[in-house]
Amino acid sequence: MPWVKLTDDFPKNIKVIAAGLEARALYVTALCHCNENLTDGFISSKFLPSLGMITGLADYQSSAEKLVEIGLWEQSDGGYIITGEIRIEFSSDKSSQELRKSSLYKKWRIAVLDRDNFKCVSCGSSNETLHAHHIKPWAKDILSRFDVDNGTTLCIWCHSKIHGRRLYDLGKD
């Protein structure tokens, strides 16, 4: 069974506190929805009313706007993306995990890195761990998953910035 894991300090996070009870409830419900449906943190606008109903919110839209305002969600074409500000772990269906281990994925990754001369397109580094980043998210644009034009090479630091992860706060010399 898939699961979502939050850090122990989740309830003490300043942004989680600022969200208030209703937005916090929507946030956790959306996390579960994203994991169950393998969306990699994308919440389609068409599912927002259902998530509000599951959460028991009459005004789910205000809660969504609050999550955007405080930076836990970002608005995106057709919905929202969980920013990654808070450390969350997803355990997804094996089919998505297996697909990322496939030869097709590995070929796509190498083709993206090769096209970009094995250098981060953001900072130019070739001395860091390099990632092939999907421009259109993996979960959101299934048809472009293995399109080389949908990939770009980023070092681990620049990739963490794009996804709002805290790694870049450690500093890059």
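The values are calculated or read from the model by the stated rules, or taken from the named source; none is laboratory data. Note that the coordinates shown come from a computational prediction; the quantities given were computed from them, not determined experimentally. Neighbour counts are summed over all protein chains in view; Cβ atoms, including those assigned to glycine, are modelled from backbone coordinates with ideal geometry.
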Search segment 20-37 for residues being aliphatic (A, V, I, L, M) and surrounded by fewer than 18 Cβ atoms within 10 Å (Cβ to Cβ), and hand back the single one that is farthest from K5 (Cα to Cα). L21
Can you confirm whether Q61 is modelled with pLDDT of 95 or more and polar (S, T, N, Q)? yes
Inspect segment 124-143 for any residue being aliphatic (A, V, I, L, M), part of a helix (DSSP H, G or I) and farther than 24 Å from I43 by Cβ and give the result as yes or no. no
L72 - would you say it is modelled with pLDDT of 95 or more and not aromatic (F, W, Y)? no
Among the residues of segment 54-81, which ones are over 13 Å from T29 (Cβ atoms) and assigned to a strand (DSSP E or B)? E74, Q75, S76, G79, I81
Considering residues of segment 38-50 that are of a type outside the set (F, W, Y) and under 18 Å from the mean Cα position of the chain (by Cα) only, the residue surrounded by the fewest Cβ atoms within 10 Å (Cβ to Cβ): S45
